[in-house]
Amino acid sequence: MALDQPKREFRYVGTRPNRPDGVDKVTGRAQYGADMTAPGMLTGAILRSPHAHAKIVSIDTSAAEAIPGVRAVITGADFARPEDDFLRDVQENCMARDKALYDGHAVAAVAATSAAIAKAALKAIKITYETLPHVTDVDAAMKTGAPVVQAGRALESVPGGMSQNVTHTCEFGHGDLDAGFAKADLVIERSFKTAATHQGYIEPHACLASYAADGKADLWCCTQGQFFVRTLCSAIIGMEASQLRVTASEIGGGFGGKTTVFIEPVALALSKKSGRPVKIVMTRDEVFKATGPTVSSSMDVRIGMTNDGRITAGEANLRYSGGAFPCGTVDMGAQAAFAAYDLNAVRTYGWNALTNRPKEAAYRAPGAPQAIYAVESVVDELCQKLNLDPLAVRLKNAAHKGTLSSYGPTFNEIGLEATLQAAKAHPHYTAPLGPNQGRGLSCGFWFNFGGNTCVSLNINTDGTVGVTEGNPDIGGSRASISLMAAEELGIPYENIRTIVADTNSLGYNDVTDGSRVTFAVGLATIKAARDAITKMKSRAAKFWGIDEEAVDWVDGAAVPAGPNAGKFPPLTLAEIAATSPQTGGPIAGHTEVNVDGAGVSFGVHLVDVEVDPETGFTKVLRYTVFQDAGKAVHPDYVEGQMQGGAVQGIGWALNEEYIYGDDGRLQNAGFLDYRIPVASDLPNIETVILEIPNPGHPYGVRGVGETPIVPPLAAIANAVSRAAGVRLTELPMSPPRILKALKG
Amino acid sequence: MKSLHVSTTINGDPVEFICDPDEPLLDVLRNRLHLTGAKEGCGTGDCGACSITLNGRLVCSCLVLGAEAQGAEISTIEGMADGEQLHPLQRAFIDGAAFQCGVCTPGILVAAKALLEKNASPSDEEVRYWLAGNLCRCTGYDKIIAAVQVAAAEMRGA
């Protein structure tokens, strides 16, 4: 079957079998980043700047090096200096050169024979700092005269005369804005702010590096992309990528935050210097201070609407800060902001400014939650003021197949209208509300990606199948990949074992991100399975003495294509496999491809809240997630993404934020004061999966992982605003903020 | 400071270890005894990923000293299954897809088992409040609550 011939009837895909790593994870047998040890292993520890912004005048490591049990001490000088801006920024973020750029920025590291000795060694390192003025607010950072975090980092597109902290600008959209606004009966313009948040994965970063005297190294780490880790580490350490073998452990959450490196090059450098394996595990304090939170944002949105609910123009100015290094996430926010709408006049302007904060990393649909929060809030306020039904207005303006999107491409088949109709028909939408209660809704969107993908599919001689892929499993993807292999091969799911391989075992695989794995690795697995089937059919053809074209593959066996081909009983996969060593050798299918054709995923969230006017506390009463999955390969895991992303969004909307003091230091670097949702905060999260097949995938699969974090921010803001009777424009909507807004 | 010699029972087995006086039990379990099922998510008792039971009481092992294990009965996730036989909670979590990355799962299973030993018929709200000390960032807790209830029903013989 050609790859572009869609399949819509399934035997295994769409079922809910147990996942292959299930027993390991419920028994404690699964090995995560911090669970590996090696003989002779040393403990690594990192010294971090206590200043938000400071020149590093001198570092004296002699006292530390003299402590018995200390085997290596390193600073920024021990690393290579990559030519490429992007790589150099990653290196400098892993260990400072001349300046500490944020509270918690790594400045030195030690490896010692015990954790206690490593701790003592850090204390013995003498660093002289010259503190500098700092800036942590994005708008303050953009003002001329603001303390300059890094000079000379602005891209050419940034206009002259701006603060040197402004590194990036972008613009998207089409149409005549002035004419559009002139057509509106009501124009609302609002400003919004969102605080930086953290992905909040429960597993801190951890790695074990072993650098041998012949220049070969092995690295075990929790990561979303072992191949990218290899690229980054080899550039930063100054070694050939082929000499570094990276193995991904099971990962205790990533959500985008483990798509880069922080401690891995440090562990490798310590291992190289000491000649022994070095293990580094971050503390929770370090995770908050020195990994990759989201951007913080300040945004202005202006939207015009007619009395009957047609949006005539939309404009957004998005100011993001991705921390102390240049960051392009505002591009994605600017593109996603109005993506749900079919507009004649739309424009988004984006800016990035440096601040003395940690370097941003992705968090599930990076850049989109902030921008869409602002846009969906203004749309909701327009609906309130014009007395229009918010769902009806979304349906009236919804993007559909053929819409010229606000960010450029014309949409193919998309599921937005279907999700909106499903929300409209759902009992949640019309359930009665009580006093101090409000209902909010929001659309959400993510582009999804394909990317470089390699899969090997081996037909074992006992008739079982091994699938080797290169993408760490962060959501149950191994089960989905096995399901797709089972579907193609026609053998039971239980006969297939899918594993995630190290960097030596496959060609390059892009990171597990962009909601790409079930889509792209699935597509590659389907291709690899078909490749193996072609080879198995060829063995059957030889055995029967007929042409290869005369052989079909049905229900896990080679069969003659028709009565004219010959009367042969089916040759099962197991039978072909058993004789493969004698019929030409072991059989395997391969794919190495850069996958195209990812389908966007739209979602709609409905939420009811109750706001206590005395305490400002918000209780989430009811939550329903509607999302287009294209084809839900394993519905349990699609539901899991929808529920997990929604709850992360609930935390973001109501409580989570990075709090900086006047000294520029992070005040709440722990789970007590950076309060993520707990079980007792939440109701059940109901899920409704729509399936509008993606034409770019043989089964219609769309990535689903990122979209669910996008709608909650506005859905909850709209619900809270309606419940409280006042429009909230700053996240998180923690009780003090709500009380302040209620007081007026 | 001089190291301490501790004798204890872990998952029914007699165990002896040496530890520093200020060493958390979590570090002893993971680094000295190679029982890596309990995880350090925070080190400050806020996340519950290190949950174990000490003399039948649910505790965060990062807040207990190794020295406190002297003469005690400790249960960890590694002792939850009976050989090849998974505990009903473990089976319910697999069947109900009640975990994604799985790093919080050992702590949640230990905590859920402690709940069901105290209260065989908890309401959903009681389950949620009991598990409020176990952070999960992947699932949104929905399927976890459902799986606990499935196991509870099976254990009641329902």
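The values are calculated or read from the model by the stated rules, or taken from the named source; none is laboratory data. The structure displayed is predicted, hence computed values, not measured ones. Quick reminder, even Gly has a Cβ in these numbers, built from the backbone with ideal geometry, and neighbours come from all protein chains shown. Surface accessibility is based on the protein's heavy atoms, side chains included, excluding ligands, DNA and RNA. Shrake-Rupley method; radii C 1.70, N 1.55, O 1.52, S 1.80 Å.
Within the set A:Lys289/B:Lys2; A:Lys99/A:Lys126; A:Lys279/B:Lys39; A:Lys542/A:Lys567; A:Lys99/A:Lys123; A:Lys55/A:Lys119, which residue pairs have Cα atoms separated by over 22 Å? If you can, show how the numbers build up before the last one.
Numbers: A:Lys289/B:Lys2 34 Å; A:Lys99/A:Lys126 15 Å; A:Lys279/B:Lys39 16 Å; A:Lys542/A:Lys567 15 Å; A:Lys99/A:Lys123 20 Å; A:Lys55/A:Lys119 24 Å.
Violating the 22 Å Cα-Cα cut-off are A:Lys289/B:Lys2; A:Lys55/A:Lys119.
Evaluate the Kirkwood expression for the hydrodynamic radius of segment A:314-396, namely the inverse of the mean inverse distance over all pairs of different C-alpha atoms, and round to one decimal in Å. It would help to have the intermediate numbers written out before the result.
On the way: mean 1/r = 0.0721 Å⁻¹.
After inverting the mean inverse Cα-Cα distance, the result is 13.9 Å.
Please report the equivalent ellipsoid semi-axes of segment A:414-461, computed as sqrt(5 x eigenvalue) of the Cα gyration tensor, largest first, in whole Å.
Semi-axes from the Cα gyration tensor: 43, 15, 12 Å.
So what are segment A:212-366's ellipsoid semi-axes, whole angstrom, largest first, if each one is the square root of 5 times an eigenvalue of the alpha-carbon gyration tensor? Walk me through the intermediate numbers first.
Details: eigenvalues 356, 44, 35 Å².
After scaling each eigenvalue by five and taking roots: 42, 15, 13 Å.
Semi-axes, largest first, in whole Å: what does sqrt of 5 times each Cα gyration tensor eigenvalue give for chain A? If you can, show how the numbers build up before the last one.
Values: eigenvalues 354, 294, 95 Å².
One finds semi-axes of 42, 38, 22 Å for chain A.
Based on the Cα coordinates of segment B:63-132, what is the per residue volume of their convex hull in Å³? Present the calculation step by step, with values, prior to reporting the outcome.
Numbers: hull volume 9.2 nm³, N = 70.
Roughly 131 Å³ of hull volume per residue.
Just to confirm my numbers, what's the Cα centroid distance between segment A:557-579 and segment A:589-610 in Å?
Taking the Cα centre of each part, segment A:557-579 and segment A:589-610 sit 38 Å apart.
Lysines within cross-link reach of A:Lys401: Cα-Cα under 23 Å, excluding same-chain residues under 8 positions apart?
Counting by Cα, and skipping residues close in sequence, A:Lys401 has these lysines nearby: A:Lys7, A:Lys424, A:Lys631.
Accessible area drop of at least 40 Å² (1.4 Å probe, protein heavy atoms): which residues of segment A:11-41 qualify, relative to the chain alone?
Residues meeting the cut-off: A:Asn18, A:Arg19, A:Lys25, A:Val26, A:Thr27, A:Gly28, A:Tyr32, A:Asp35.
Using a cut-off of 14 Å between beta-carbons, work out the net charge of the residues near A:Ile414 (Lys and Arg +1, Asp and Glu -1, A:Ile414 not included). Could the numbers behind the result be given before it?
On the way: positive: A:Arg394, A:Lys401, A:Arg702; negative: A:Asp342, A:Glu413, A:Glu417, A:Asp628, A:Glu691.
Overall, the nearby charge balance is -2.
Charges at C-beta only: +1 for Lys and Arg, -1 for Asp and Glu. How large is the resulting dipole of segment A:281-351 about its Cα centre, in Debye rounded to 20?
Working: 6 positive and 7 negative charges, 19 e Å.
Magnitude of the dipole: close to 100 debye.
What whole-number value in Å² describes the accessible area per residue of the protein assembly as shown for a 1.4 Å probe?
Numbers: 32070 Å² over 902 residues.
Per residue, the protein assembly as shown has an accessible area of 36 Å².
Once amide H atoms are built 1.01 Å from N in the peptide plane, which residues 5 or more positions from A:Thr512, or in another chain, come under 5 Å H to H?
The list, which skips near neighbours in sequence, is A:Gly225.
Of all the C-alpha pairs in segment A:335-450, what % are more than 16 Å from each other?
Values: 4535 of 6670 pairs.
The proportion of pairs with Cα distances above 16 Å equals 68 percent.
Could you work out how far the C-alpha centroid of segment B:118-141 sits from that of segment A:622-641, in angstrom?
22
Residue by residue through A:638-648, how many Cβ atoms from other chains fall within 10 Å of the Cβ on average?
Working: counts 0, 5, 9, 4, 2, 7, 10, 2, 2, 7, 3.
Counting Cβ atoms of other protein chains within 10 Å of each residue's Cβ and averaging gives 5.
With r as the distance between the Cβ atoms of A:Ser58 and A:Asn18 and R0 = 60 Å, compute the FRET efficiency 1/(1 + (r/R0)^6) and round to 0.05.
Values: r = 58 Å, r/R0 = 0.96.
According to the calculation, E is roughly 0.55.
Could I have the simple spin-label model distance between A:Ala431 and A:Asp663, label points 7 Å from Cα toward Cβ, reported in nm to one decimal?
Those two pseudo-labels are separated by 4.7 nm.
Per the Debye formula with a single identical scatterer at each Cα and no solvent contribution, what log10 I(q)/I(0) holds for segment A:263-322 at q = 0.12, 0.26, 0.27, 0.30 Å⁻¹?
Taking Cα atoms of segment A:263-322 as identical point scatterers yields -0.58, -1.02, -1.05, -1.11.
What translational diffusion coefficient, in µm²/s and rounded to a whole number, does the Stokes-Einstein relation yield for segment A:78-211 at 20 °C and a viscosity of 1.002 mPa s, taking the hydrodynamic radius as the Kirkwood radius over Cα pairs?
On the way: Rh = 20.0 Å.
Diffusion coefficient, whole number: 107 µm²/s.
Grab the Cα-Cα distance for A:Lys126 and A:Ala213, subtract it from 0.36 nm times how many residues apart they are, and report the gain in nm with one decimal.
My answer for the length gained is 28.3 nm.
Just the ratio, please: alpha-carbon radius of gyration of segment B:1-73 over 2.2 N^0.38 Å, N its number of residues.
Working: Rg = 11.2 Å, N = 73, 2.2 N^0.38 = 11.2 Å.
In units of the 2.2 N^0.38 Å rule of thumb, it is 1.00.
Please work out the ratio of the alpha-carbon Rg of segment A:18-102 to 2.2 N^0.38 Å and round it to two decimals.
Details: Rg = 18.8 Å, N = 85, 2.2 N^0.38 = 11.9 Å.
Scaled against compact globular proteins, the figure is 1.58.
When the C-alpha atoms of segment A:653-728 are aligned to their principal axes, what extent does each axis show, in angstrom, from largest down?
55, 33, 25
Ignore the peptide's own chain and count Cβ atoms of other chains within 10 Å of each Cβ in B:124-136; give me the average, rounded.
Values: counts 3, 2, 1, 2, 7, 3, 2, 3, 4, 3, 3, 8, 8.
Going residue by residue through B:124-136 and averaging, the value is 4.
What list of ³J(HN,Hα) values in whole Hz, one per residue of segment A:604-613 in order, does the Karplus curve 6.51 cos²θ - 1.76 cosθ + 1.60 (θ = phi - 60°) give from phi, with Gly and Pro shown as x?
10, 10, 10, 9, 10, 10, 10, 10, 7, x
Find the Cα radius of gyration of segment A:144-207, compare it with 2.2 N^0.38 Å by division, and give the number to two decimals.
Details: Rg = 19.5 Å, N = 64, 2.2 N^0.38 = 10.7 Å.
Working it through for segment A:144-207, the quotient is 1.82.
Using only the alpha carbons, work out the radius of gyration and Dmax of segment B:32-155 in angstrom.
Rg and Dmax of segment B:32-155, Cα atoms, are 13.7, 39 Å.
Write out the cysteines belonging to chain A for which the nearest other cysteine Cβ is not under 4.7 Å, or none if no such cysteine exists.
Within chain A, the cysteines lacking a partner Cβ under 4.7 Å are A:Cys94, A:Cys170, A:Cys222, A:Cys233, A:Cys327, A:Cys383, A:Cys443, A:Cys454.
Using the Kirkwood radius over Cα pairs, work out the Stokes-Einstein diffusion coefficient for segment A:330-378 at 20 °C and 1.002 mPa s, in µm²/s as a whole number. Write down the numbers at each step before the final one.
Numbers: Rh = 12.0 Å.
In µm²/s, the coefficient rounds to 179.
When you look at the Cβ of every residue in B:32-45, what mean number of other chain Cβ atoms sits within 10 Å?
Values: counts 0, 0, 2, 1, 9, 7, 1, 8, 8, 9, 9, 6, 6, 2.
Per-residue shielding by partner chains comes out at 5.
Could you state the per residue volume, in Å³, of the convex hull enclosing the Cα atoms of segment B:1-40? Numbers along the way, then the final one.
Details: hull volume 2.4 nm³, N = 40.
Here the figure is 61 Å³ per residue.
So what is the orientation-averaged projected area of segment A:1-68, using the convex hull of its C-alpha atoms, in nm²?
Details: hull surface 53.6 nm².
Across all orientations, segment A:1-68 yields a mean hull projection of 13.4 nm².
I need the phi-derived Karplus couplings for segment A:684-696: 6.51 cos²θ - 1.76 cosθ + 1.60, θ = phi - 60°, integer Hz, Gly and Pro marked x.
Karplus values, whole Hz, x for Gly and Pro: 5, 9, 7, 10, 10, 8, 9, 10, 10, x, 7, x, x.
Loop only per DSSP, at most 15 neighbouring Cβ atoms within 10 Å: give me the trypsin sites (Lys or Arg not before Pro) in segment A:397-475, ordered by residue number. Walk me through the numbers on the way to the answer.
Values: sites: A:Lys401, A:Lys424, A:Arg439; in loops: A:Lys401.
Those that pass, being in a loop and sparsely packed, are A:Lys401.
Once phi is turned into θ = phi - 60°, what whole-Hz ³J(HN,Hα) does the Karplus curve with 6.51, -1.76 and 1.60 give for every residue of segment A:412-421, x standing for Gly and Pro?
8, 5, 9, x, 5, 4, 4, 5, 5, 5
Would you compute the Debye intensity of segment A:502-629 from its alpha-carbon atoms alone, equal scatterers and no solvent, and pass along log10 I(q)/I(0) at q = 0.15, 0.17, 0.20, 0.21 Å⁻¹ to two decimals?
-0.86, -0.95, -1.08, -1.13
Roughly speaking, what is the stretch gain from A:Leu404 to A:Ala66, that is 0.36 nm per residue apart minus the C-alpha to C-alpha distance, in nm to one decimal?
Numbers: separation 338, 0.36 × 338 = 121.68 nm, distance 6.63 nm.
Separation in residues times 0.36 nm, less the Cα-Cα distance, equals 115.1 nm.
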